[in-house]
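Peer 1: This is the structure I want to talk about, given as structure tokens.
The values are calculated or read from the model by the stated rules, or taken from the named source; none is laboratory data. Not measured: the values here are computed from a predicted model. Cβ atoms come from the backbone with ideal geometry, glycine included; neighbour counts cover every protein chain shown.
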Amino acid sequence: MEFGGDIFQDLYIEFMFWSLIVGVITFVWMIHHSFVYRTSDGDLSGKRLHLRTQLDSLRHEMKRAGMDMEFEIEEEEDERAWPNVDNIKVGVFPKENDNLKLELFWTIIPFILICYLCWISWAPTDAIWPSAYELEDAHEVGVTGQQWFWDFDCKGLTSDLCDVGVDSDTGLTVLSLKLDETYILNLSSRDVLHAPKIVQYGLTEDAVPGMYTTIVFTPYETGKYFLDCAEYCGDDHAYMTAIIEIHA
């Protein structure tokens, strides 16, 4: 897995753009309907419809209990009252009052948008999983996980390109790498499934017993970064930490 690159930044901006567009449309739609379709203070039709619904529910439950009682609530005619166009009754699915054009719109348009986002997301897969061993000028470094520590192998590289030591402040193992150099981290495990994660870079990949996986990594900032295990691997999983130090 390779970290970073303009292609991922462009993809992030594209997704954020469409998220904002969809969010604005959704919230404007909700706010519009909240005001346009609300019941005015002097309109009792909403309360009457609610009362009729409660009455139907009570009558339905009484019939189920064997209490066959008929009762009605008398109410004056009100020109402002809304007709019960859907003929709403308890226990009965209301009559459909659909809008085919609207339903097609909110089905087809999101479907096209999702297909488009899936299509543009497919392109970076070649950047995420490149053919690591075809990269020129890349330096191989072995990273082996074992309960509960990391073992590093510089594979004969000079100390300027790769070095392994111990951090004087924390006592953690330190892998020292050079700025702006491309590294192929060959991952493996001696026991169970691990997942080295360079925390500040948000970069991770599984280390699987019996096979090799890779991380293609080009550090772009100097500093010290934690290398944690992102896959639960036993009692001391939380303490399976090392440091990657990037120097100029």
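Peer 1: Which one is farthest from L135 (Cα to Cα) among residues in the stretch 213-237 that are at pLDDT below 90 and not in a strand (DSSP E or B)?
Peer 2: Out of the qualifying residues, it is E221.
Peer 1: Quickly run through the stretch 149-200 and pick out the residues that are of a type in the set (S, T, Y), closer than 25 Å to Y232 by Cβ and touching a strand residue (DSSP E or B) at 6+ places or on another chain (Cβ under 6 Å).
Peer 2: T173, S188, S189
Peer 1: Within the bounds of the stretch 37-44, is there any residue that is modelled with pLDDT of 70 or more and either aliphatic (A, V, I, L, M) or not assigned by TED's automatic domain parsing to the domain that holds K197 (or both)? So that I can check it myself, show each step before the final result.
Peer 2: Just the residues of the stretch 37-44 that are modelled with pLDDT of 70 or more, to begin with: 37-38.
Then drop every residue that is not either aliphatic (A, V, I, L, M) or not assigned by TED's automatic domain parsing to the domain that holds K197 (or both), which leaves 37-38.
Yes, because at least one residue in the stretch 37-44 is modelled with pLDDT of 70 or more and either aliphatic (A, V, I, L, M) or not assigned by TED's automatic domain parsing to the domain that holds K197 (or both).
Peer 1: Counting only residues that are surrounded by 16 or more Cβ atoms within 10 Å (Cβ to Cβ) and among the hydroxyl-bearing types (S, T, Y), which one in the stretch 219-248 is farthest from L179 (Cα to Cα)?
Peer 2: T241
Peer 1: Against the conditions (1) farther than 30 Å from L11 by Cβ; (2) modelled with pLDDT of 95 or more; (3) not β-branched (V, I, T), where does G210 fall short? Just the number, please.
Peer 2: Condition (2) is where G210 drops out.
Peer 1: What are the pairs, 6+ residues apart or on separate chains, where a residue within the stretch 192-221 that is in the same structural domain as I243 (by TED's automatic domain parsing) and without any contact (Cβ under 8 Å) to a residue 40 or more places away in the chain has its Cβ under 9 Å from a residue that is surrounded by fewer than 16 Cβ atoms within 10 Å (Cβ to Cβ) and assigned to a strand (DSSP E or B)?
Peer 2: K197/F226; V199/F226; Q200/G223; Q200/F226
Peer 1: Before we move on, is G145 touching a residue at least 24 places away in the same chain (Cβ under 8 Å), over 28 Å from F8 (Cα atoms) and of a type in the set (G, A, S)?
Peer 2: It is true that G145 is touching a residue at least 24 places away in the same chain (Cβ under 8 Å), over 28 Å from F8 (Cα atoms) and of a type in the set (G, A, S).
Peer 1: Taking the stated definitions as given, is F27 assigned to a helix (DSSP H, G or I) and at pLDDT below 85?
Peer 2: No: the conditions fail for F27.
Matching residues to (1) surrounded by fewer than 13 Cβ atoms within 10 Å (Cβ to Cβ); (2) among the acidic types (D, E); (3) assigned to a loop (DSSP other than H, G, I, E, B):
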residue	(1), (2), (3)
V141	no, no, no
T158	yes, no, yes
D169	yes, yes, yes
S188	no, no, no
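Peer 1: Going by the structure shown, is D86 among the acidic types (D, E) and modelled with pLDDT of 60 or more?
Peer 2: yes
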